[in-house]
Amino acid sequence: MASFDLDTIRHSSAHLMAQAISRIWPDSDVQFGVGPVIENGFYYDVQMEHKLTEEDLATIENEMKKIIKERLPIERKVMEKQEAIDFFKEQGQELKVELINSFAEGEEISCYGQGEFIDLCRGPHVESTGNLPMAFKLLHVAGAYWRGDEKRQMLQRVYAACFKDKKDLKQHLHFLEEAKKRDHRKLGKELELFHFERVAPASPFFMPKGAKVYNELVDFMRRIYRHYEYDEVITPQILDSDLWHTSGHYEHYQENMYFSRIDEREYAVKPMNCPCHMLMFAHYKYSYRDLPLRYADFGRLHRYEKAGAVAGLTRVRTFCQDDAHIFIDVDGIQEEIQKLMEMFFICYEHFDFNNIKVNLSTRPEKKAGDDETWDKAEDALKKALDQSGHEYHIKEGDGAFYGPKIDVEIADALNRYHQLGTIQLDFQLPERFNLTYTNSNSEEVRPVVIHRALLGSLERFIGVYLEHVGGAFPFWLAPEQAVIVPVNNANHLEFAQKLQKELFDQGFRVRVDDRNESMGYKTRQTQKAKIPYMLVVGDKEMESESISVRSYGAKFSKTMPISELKEQFATLNLERMPAKLRASN
């Protein structure tokens, strides 16, 4: 196996799966779309009347193993374009014919054949099916629009994991099982945090417990804002389309926007806050003494995402960002970026994200503004990052249309990276909105705008963080911090209710479980709900003004005075603010 790289093995295994499918359903009108290599495996898009099931995947796997044992030679064949069209049309592979028709005239058409099966492919491939390891697993079937166009037919996409040896496959399958347990959609339902409804696709409904987490995150950001001198603003959600023409979003982003007609004029639901903040800055006169001016906004945003792109909380159509815009003099950029990087790292480490990547994204092909302005903007960010001391990577062409940006990625508990924070430098919007301030020479000059989000979309952050902690929120963020369980309602309920009120009055989220259920059942339910503390009240506890405490995940309880419990809870609640910032607040 050492002579073939992993991508080649995966690519050949995709053909192997397609051949197995064509053998199992020889009389069906089976058409094959594309079957690329992806991270950890491959997929193949298939069009067929039969709906593939879990049982079918096992059958396909067995047929794939039989073909490996046949040791069929894999040979490359080259055809002229018309020859290839005629061949695949005769085979009934209309999807392949469409792909070939999209190729340039005179382009070489490469195919690979093994036994009775031949497929359109650039390669490379292994030399024989016998060279393929049996270290693959068909995972699941999903719907996928042909060529990513939601107006075209829906195909069945068969996903597979594939590795060089069974040890690596086993390790990956274990990872997938752990990821499945941590899936935020599953946890959100089990923990009664949020759900989705058909009447509002890709728009989450946060239940009381989920709303507590959501609002705690907003409050967390407000405490950070106070330390870093941000002012919070509130802006409208629906604005005249003229605004979006001025900002450039109409030309660059309209396919992702929602529009409506009001009083015979076109309006748009805002997909971002920045144009509103430009108007706010333009409304008043500012001097250099007022800068930097930092506007933070928790306004709701709406963006149209294709049905095939949405996914739980991580890709939705309505959301809130911990969004801010900083109006600054060009000479203050480096210092401000350093503060932002400090702010980002303090916050991410507070959420126990310790593996952090920083990327600098440069001008995209579709951009606003001239190259001279882009040179100036990119140079300012590079110098700021160099001075900050953080290692960073260049992502060519990945900037926003109005300016370069810094993206920050964090690794979760399963070492999957997610992009959260972003810092975008913008010379374009101040120009478009004719923003000025008075400098120290009493001259009217343009500010620079820094677009900044730390957690990013709160919805997406909750999804990522829920999977990172496996649903077990830290005490300060948990929707329910403790549940008090009376051993016997007749004798202990009143004491439990009194304690609940005392803790509630001190700002803790605590309830009493007075259901007529066994202690074992209540214990299991409390652990399943991942509540940080279960507090048990019985005769002994009432007599001694103490409480039996069992923390989440612990096998045993311990008894402590109620006064000590309150002190412990108060200490844990201090984590609502990062330790590095507590002393100065």
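The values are calculated or read from the model by the stated rules, or taken from the named source; none is laboratory data. No experiment lies behind these values; they were computed from the predicted model shown. All Cβ positions, even for glycine, are placed from backbone atoms using ideal geometry, and neighbour counts span all protein chains on display.
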Checklist line | Residue list for the range 374-404, restricted to those being farther than 25 Å from Tyr253 by Cβ, of a type in the set (Asp, Glu) and not in a loop (DSSP other than H, G, I, E, B) | finding: Asp379, Asp386
Next item on the list: Name, by its number, the condition in (1) out of contact with any Phe, Trp or Tyr (no Cβ under 8 Å at 6 or more places or on another chain); (2) surrounded by 14 or more Cβ atoms within 10 Å (Cβ to Cβ) that does not hold for Tyr43.
Entry: (1)
Note to self: Looking at the range 251-258, can you tell me whether even one residue there is under 20 Å from the mean Cα position of the chain (by Cα) and part of a helix (DSSP H, G or I)?
What the structure shows: yes
Next item on the list: Kindly provide the set of residues from the range 423-446 that are in contact with a strand residue (DSSP E or B) (Cβ under 7 Å, 6 or more places away or on another chain) and either assigned to a loop (DSSP other than H, G, I, E, B) or on the phi > 0 side of the Ramachandran plot (or both), ordered by number.
Entry: Phe427, Thr436, Asn439
Checklist line | Sole exception among (1) modelled with pLDDT of 95 or more; (2) surrounded by fewer than 16 Cβ atoms within 10 Å (Cβ to Cβ); (3) more than 20 Å from the chain's Cα centre (by Cα) for Met134, by number | finding: (1)
Next item on the list: Please state which of the following conditions Arg152 fails to meet, knowing it meets all the rest: (1) in contact with a Phe, Trp or Tyr (Cβ under 7 Å, 6 or more places away or on another chain); (2) within 30 Å of Met17 (Cβ to Cβ); (3) not in a loop (DSSP other than H, G, I, E, B).
Entry: (3)
Margin query: Just the residues that are aromatic (Phe, Trp, Tyr) and under 27 Å from Tyr286 (Cα atoms), please, taken from the range 402-435.
Written below: Tyr402, Phe427, Phe433
Check: Quick one: His283 ticks every box in (1) closer than 30 Å to Thr438 by Cβ; (2) touching a residue at least 12 places away in the same chain (Cβ under 8 Å) bar one, so which box is it?
Finding: (2)
Check: Got a sec? Which of Lys209, Lys186, Lys181, Lys170 is out of contact with any Lys or Arg (no Cβ under 8 Å at 6 or more places or on another chain), part of a helix (DSSP H, G or I), among the charged types (D, E, K, R) and closer than 25 Å to Ala144 by Cα?
Finding: Lys181
Notebook entry, point to check: Considering the range 27-59 alone, what residues qualify as being of a type in the set (Ser, Thr, Tyr) and within 25 Å of the chain's Cα centre (by Cα)?
Noted result: Tyr43, Tyr44
Next item on the list: Out of the residues in the range 523-567 that are part of a helix (DSSP H, G or I) and within 34 Å of the chain's Cα centre (by Cα), state the one that is surrounded by the most Cβ atoms within 10 Å (Cβ to Cβ).
Entry: Thr526
Notebook entry, point to check: Within the range 447-467, restricting attention to residues that are in contact with a strand residue (DSSP E or B) (Cβ under 7 Å, 6 or more places away or on another chain) and of a type in the set (A, V, I, L, M), which residue is farthest from Asp352 (Cα to Cα)?
Noted result: Val448
Next item on the list: Please give the helices (runs of 4 or more DSSP H) falling wholly within the range 20-133 in which 2 or more residues are among the β-branched types (Val, Ile, Thr).
Entry: 54-70, 94-101
Check: Filter the range 16-40 for residues that are over 21 Å from Asp149 (Cβ atoms) and among the small types (Gly, Ala, Ser); which is surrounded by the fewest Cβ atoms within 10 Å (Cβ to Cβ)?
Finding: Ser28
Next item on the list: Would you mention how many residues in the range 311-341 are outside any strand (DSSP E or B), farther than 18 Å from Ile406 by Cβ and modelled with pLDDT of 90 or more?
Entry: 6
Next item on the list: May I ask you to verify whether Ala202 is surrounded by 15 or more Cβ atoms within 10 Å (Cβ to Cβ), of a type in the set (Gly, Ala, Ser) and assigned to a loop (DSSP other than H, G, I, E, B)?
Entry: yes
